[in-house]
Each structure stands twice: as C-alpha cells, then as structure tokens.
Amino acid sequence: MNKSITVAKTAGFCFGVDRAVKIAYETAAKGTDKKIYTLGPLIHNPSVVEDLEKHGISVIDSPSEAEAGDTVIIRSHGVGKVVFDELESRGVNIVDATCPFVTKIHKLVAERTKLGELVLIAGDENHPEVQGILGWTESSAVCDNSGGGCAKVFPNCVELVKLLRKNCEKSKKGVAILSQTTYNIVMWNQCIGAVSDFEDVTVYDTICTATEKRQSEAGKLSRGCDTMLIIGGRNSSNTKKLYDICSANCRCYLIEDSRELKDIDFSTAKSVGISAGASTPAYIIEEVKKDMTEILSNEEEFNFEEAIEQSLKKIYTGKRVSGVVTAVNSTEVIVDIGTKHTGYIPASEISSDPNAKPEDVVKVGDTIDVIVTKLNDAEGIATLSKKQVDAQKGYDDVKKAYENGEVLTGTVTNIIKGGVIVTANGMRVFVPASQTGVRAADSMDTLLKKEVRFKIIELNEQRKRAVGSIRKVTAEERAQRKEAFFANAEVGQTVMGEVKSITDYGVFVDVGGVDGLIRRMDLTWARIKHPSDVVSVGDHIEVTIKDIGKETGKVSLVYKKTEDNPWVIFEKNYSVGQTVEVKIVSITGFGAFAQIIPGIDGLIHISQIANQRVANVADFLSVGDVVNAKITDCDIANKRVSLSIRALLPEGEYKHTKETAPAEDEAPEAETEE
C-alpha cells in the first residue's frame, strides 16, 4: 500500500502573525526595568504564548492591569480606539503589532461611519479582531436601529440579507459591507452574491489574501486525501475555518501539536494532507510531518502475494478500476492502475467541464476511479477516462432525484438553441427555453454561469439523457410561499415586498409568492403624474396589508404612511388665526387656491384678496406667487381650509392691481433728512 503525506504550501504563519511575533521578541530583547505585556494572547497558539512567557512577556486581559512605564504590545488582531486612549492615559508604552491588513479595515470603518454609512461586518462578533473593528466606528459603539453611521456584525449570508432588508431604507447615506480578515471565503462569495438586489451597497473585499489562499489550498488538498490534519490553537478562528472546510471533504482532525497524534487511528489512512492556521509556527508543522511519517511507515506492511495478484489482474475495455495519480501535466494524467499497463487520462477525459485544467482536478497521490476506454497490450498502455466515471455517478444521482422528485442544484454552462445546458454532479442536463423561467422577450444569456435549482421532468435511461425544469422548482416554491402567506398574513400587518410591475392605476408587489396591488390612491399622499414617480421595478419596499381576499387570491396593499398624511401634519402644526406663507397654485373665477404645505391647499375667496372690489382674480394674483395669508377657517373633517390676504391688510389699505401697481423703478423715493 503506497501511503503519502502532503503539506500545504501556505500552512503556518501569515504575514501579520509573523510580524507580530518578531515585534514581540525584538521588544523583549531590548529589555526594560518595567514589565512587558501583550493585551490578550499575542496569537492563538499556546506554544508561542508559553515561549513568550519564558522571554518575559506576560498576558493581561485589560489595560487597567498595566501601570505607568510598563510596555503593552497590541496583538495582530488589533483593538478599538478607546483601548489606545486608555493605555495612553495610564502612561503605558504602546507597541502596536496590529496586522496592517486589520489596520486598513480600522481606517475604512472609521471613514465610512464618519460619512454616516451603515457598516456591516462579516465575522464572529465575539472574535477579538471583530471587537477591535467595532471600536473604530465614529461613535465607537455598535449602533441601534436608527440607521447610518454605525456598524453591525453578521455571521452568514442569511443574517446579512435580514440586516439589509431591515436597514437599507433607513440608511440614507448608504451601506458598506466588509469582513473579518479570516472569514470563510466560500461563505463570503455567497454573501457577495446576495447583495445584488439591494441599492446603495458597496462591498469591500477585506479577507486577507493569505487567508483566502490558505483556505483554497486546504480545500483542494482535502479533496484529494482521505485524511487531513489541521494544526493550530483550538481557539483560533482561522484554524477552525480550515477544519470546517476540510471536514466537508474527508476525515479531518484538529491538533495543536504532534503529541496529539498518538490518540488518532491512522490504520486506514492512505493519503494524509497537512495544513495549519496562521498562528502555527513552522517548527510545529515540521514535528507533525516527521512524526506522521514514522507512524505511516510503521503501519505499512508489504504483502507479497497481494502485490503479485495485483500485478497480474486482468483489465479490459469498459472496466472500471481504481488507480493512483503519479504525474500531472497540461495534456494528460498518468495513473498507476496496479497492472503492467501504464494508464493515461487525456485532458479531454478528465472532467465534463471543457475549461477545467488537469492540475485543477487531480494531483499526484490522488486515488481515483477510472474507466478503461482503450487497451494497447503491445505497448503496455491503457487509455482511461475519469469523466465517464463522474458522468455515470452523476446519472445515478440524477436518476435517484427523478424517482424521488428531488430538487437538484447545478450550473448553467452553455446557452444552446432551444434552451440551456445545466451541469450537475458531472452530468449535462438539457433545460428547454420554456422551462428556464426566462420570458420570451428576455435573453437566456442572463443564466450563463449562474447556479440554478431544477427538477428532472424527463429521463431517457437508454441514452442516459435527462431534461430538467427550472421553472417547475420556481413555481412550486412560489406556491409554497403563497400558501404560507395566506396562512399567516393579517390585515394591518407590515411586510417587505419587491416591486414586480407598474401600471397607470397602481403597483404590483411580490410579498412572498403573492402579487399584491397598491392602488394609486394608496401609494402616496402627494400629487403624482404616474406611479413610476414613486417606485421602480425591483425596489424592495415596506407595505401594509389593507385587505386579503383568500378566496380570490387578491391582496390590497398600502405604501403611504399614516404619519405622512398632510392633514395630520397640518392639524398638528397649524391653527385658525395663524399667518402662513403660501404659494398660489391655481386661479378660479371665485378666488385662488394656495398651497400651505404639500398636499394641503387653502381657498382665498375673491372677497378676501384685497380691501376693494376684485373683478378679476388674475389682476391681483398669478400662479407661482408667494404671499402671506391668514387661516380664517379650517374644516378637517371635510378637508377644507379658508385663507385671507385681506385680513392682514391694515384698515383702509388695499392691494394694487397689476395694471395700477407702480413699477419698481417708478416707486417714489423716501425722503431723508440731511
């Protein structure tokens, strides 16, 4: 049995941790009469923290534990501004070992919150790095529900969407989204995909490049091994993420050093991969690799009879066999299939993805299943196909999903005449244009490279071909949401919805599987030319359920808010006898209408325009004029307000008509005494 050990290239200290450790040892080497501390463990590795203790560097948990003249090292995770201020006030010597990538985030958060933006941070709210980031908001605190100029933390994509739906409209200054430097790259990509439906949102990619590379490499390594070892502190966030990523692909163990290897059974391990968190020193990784090599060497026994039988085993075209990858290049993969033949997989037979490169799919040491497609006994060559094995397995999965009515997930890889091709589990499934859910007037190109959910609606077992439907899944899910809506919705309830279409008479909003109608009169209190003046297709808005017709399936909605009712505002702020500045909005034969506030017009009767008889209102007033008037009567119930200009004129004074009013340059000059 050939056993292998592969260590990830990026395992161990990242730039920020390496820098912090060097700063700590340099600080200790300089010496001081006072004490040297790190505020919290410098890095999440017990071995390093223990060694720093031997060099005279202790750990404190609070700035209050340090005295004037002591030296405090700020660890790579960073701290909030208030911590720096407290240390300075205590007369402490500060050595800042914050990772430059983290410092960059601090500046970004301070800048965005100062501008009034809402900052959303992907990460663990209890992690010291995230606590430090929150300490650089303009208010130096997590915000309340007022919206804008503050920060909130979300752990995953679901919580991010909830925060955006709740805060996007409130945060008039915009929303900034960033992440903890060690956040899971897979989850981050999911989060980025989820924000496309929201406006005024800016995404800042703050995951450390070393973290991204380490996670990607560990994931790839774990897919080719049967056992993974992740080395690092159990309280290290980035180490836990490596463990989570690798655990999804193979048997995985998290250890802090080589002493823990003795408690693990490696009897069935053939290929072991090793990666380590950013706080793991190189010497610990080397110790684990060395001890692991000895363990596998002691467990490996050579079986002569088994080897002879393996070398003489017969293969034939169409047979499925297992082999170990011995070499990989850009055109082919060489596989040891345990016979006298040399196995070759052409690049075209590696994967169903035509863009996949051999080195991206397999690596040396991988154990893979292949199908023999051609034999040349004279030259001792066996041509193999991994793609056919994947397709067979994919077909089995698709068949099972078809029989059980299960939903599959795949990626649209091709747009063809009459539909699209979705690749799922290594198998290509045809989805007709009518089943994509894309309207005939729209282009199916919008689906290319998108992940979609679909069901198999037709299966040809003889030709091993399948036809799928994206629309069927969408329709079923919408029906479920619709049923849930009518089961839980109540009149007066406030819900979020998405604007689907706009007509002359109102707006249709999807409130969860149901398209509710906001009639024009329920859209806004203001005068509008068209509903599109208020909302646009795709907007996410908060609406109130006005009426529910469970039998008809119709739902009426209200968008305008009671508190925005101009008559409520008028009644609260205005009263009879009050003088107001108004704007003339229309002229009639019996007077003029003037706007007091948007939505409230008062009538200035022709008899209340001047202290004289007015034959033609237009001789005294024009649309657009701004004049002072007195509120003489108010009928809130019938929505009527009476105004008077005449009531503000002194007795005997009258308003000039336009024809008799003197021009500005003809107005008499005031006499002055010299």
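Details
- Semi-axis lengths, largest first, of the ellipsoid equivalent to segment 359-484 are 34, 16, 14 Å, with √(5λ) applied to each eigenvalue of the Cα gyration tensor.
- Amide H contacts of residue 120: 152, 176, 177, 178, each under 5 Å away and 5 or more positions distant or on a separate chain (H built 1.01 Å from N in the peptide plane; Pro and chain starts excluded).
- At 0.692 mPa s and 37 °C, Stokes diffusion of segment 420-524 via Kirkwood alpha-carbon radius, µm² per second: 200 µm²/s
- In range of the label at residue 287: residues from segment 192-233 whose backbone nitrogen is under 13 Å from the point 7 Å along Cα→Cβ: 232-233
- Segment 438-478, dipole about Cα centre (Lys/Arg Cβ +1, Asp/Glu Cβ -1), debye to the nearest 20: 80 debye
- Computed over segment 517-608, Kirkwood Rh from alpha-carbon pairs, angstrom: 16.0 Å
- The packing ranking, built from the mean of other Cβ atoms within 10 Å per residue, places the peptides 375-381, 513-519, 11-17 in the order 11-17, 513-519, 375-381, highest first.
- Phi-based couplings in Hz for segment 51-63 (Karplus 6.51, -1.76, 1.60; Gly and Pro marked x): 5, 5, 4, 5, 8, x, 10, 9, 10, 10, 9, 9, x
- Calculated P(r) of segment 1-73 - Cα pairs past 15 Å, %: 59 percent
- Amide proton proximity set for residue 315, modelled H, under 5 Å, gap of 5+: none
- Alpha-carbon centroid distance for the pair segment 338-377 / segment 419-448, whole angstrom: 30 Å
- Net charge of neighbours whose Cβ lies under 11 Å from the Cβ of residue 556, counting Lys and Arg as +1 and Asp and Glu as -1: +1
- Kirkwood hydrodynamic radius over Cα pairs of the chain, then Stokes diffusion coefficient at 4 °C and 1.567 mPa s, in µm²/s: 40 µm²/s
- Per the Cα gyration tensor, segment 151-281 maps to an equivalent ellipsoid with semi-axes of 36, 14, 11 Å, ordered largest to smallest.
- In the context of the full set of protein chains, the chain has a per residue accessible area of 54 Å² (1.4 Å probe).
- Segment 204-250 versus segment 449-523: alpha-carbon centroid distance in Å: 37 Å
- By the Stokes-Einstein formula, at 0.890 mPa s and 25 °C, segment 305-439 with its Kirkwood radius over alpha-carbon pairs has D equal to 148 µm²/s.
- Rounded to the nearest 10 Å², the accessible area of residue 134 at probe 1.4 Å: 20 Å²
- Lys, Arg +1 and Asp, Glu -1 on Cβ, resulting dipole of the chain about Cα centre, debye, nearest 20: 2580 debye
- Each Lys or Arg adds one and each Asp or Glu subtracts one; over the other residues with Cβ under 14 Å from the Cβ of residue 60, this totals -2.
- Segment 19-110: projected area of the alpha-carbon convex hull, averaged over directions, in nm²: 5.7 nm²
- The C-alpha atoms of segment 226-267 occupy a region whose extents along the principal axes are 29, 23, 9 Å, arranged from largest to smallest.
- Ordering 448, 540, 373 by the projection of their Cα atoms onto the charge dipole of the chain, which places +1 on the Cβ of Lys and Arg and -1 on the Cβ of Asp and Glu, puts 373 at the extreme positive end.
- The label point for residue 103 and the one for residue 374, both projected 7 Å from the Cα toward the Cβ, are 6.0 nm apart.
- With θ taken as phi - 60° and the Karplus curve 6.51 cos²θ - 1.76 cosθ + 1.60 applied, the whole-hertz 3J(HN,Hα) list for segment 421-434 is 10, 10, 9, 9, 6, x, 10, 8, 10, 8, 10, x, 4, 5 Hz, x standing for glycine and proline.
- Per residue convex hull volume, Cα atoms of segment 9-167, in Å³: 123 Å³
- Positive contributions from Lys and Arg (+1) and negative ones from Asp and Glu (-1), summed over other residues with Cβ under 12 Å from the Cβ of residue 128, come out at -3.
- Whole-Å distance, taken between Cα centres, linking segment 385-413 and segment 526-542: 45 Å
- Options 57, 11, 25, ranked by Cα towards positive dipole end of segment 8-69, top entry (Cβ charges): 11
- Available extension along the chain between residue 486 and residue 61 is 147.7 nm, counting 0.36 nm per residue and deducting the alpha carbon span.
- Normalised by 2.2 N^0.38 Å, where N counts its residues, the alpha-carbon radius of gyration of segment 497-562 equals 1.02.
- Carbon and sulfur %, accessible surface of segment 150-288 computed with the full protein complex present, 1.4 Å: 49 percent
- Estimated 222 nm signal from helices in the chain, with DSSP H stretches of n ≥ 4 weighted -39500 (n - 2.57), rounded to 500: -8000 deg cm²/dmol
- Above 15 Å, the calculated P(r) of segment 80-124 contains 58 percent of its Cα-Cα pairs.
- Estimated FRET transfer efficiency when R0 is 30 angstrom, pair residue 404-residue 320 (beta carbons, to 0.05): 0.75
The values are calculated or read from the model by the stated rules, or taken from the named source; none is laboratory data. In this text the structure is predicted, and so the values were computed from the model without any measurement. As a convention, Cβ positions derive from the backbone with ideal geometry for all residues, glycine included, and neighbour counts pool all protein chains shown. Remember, those area values only see protein heavy atoms, side chains included, never the ligands or the DNA or RNA. Shrake-Rupley method; radii C 1.70, N 1.55, O 1.52, S 1.80 Å.
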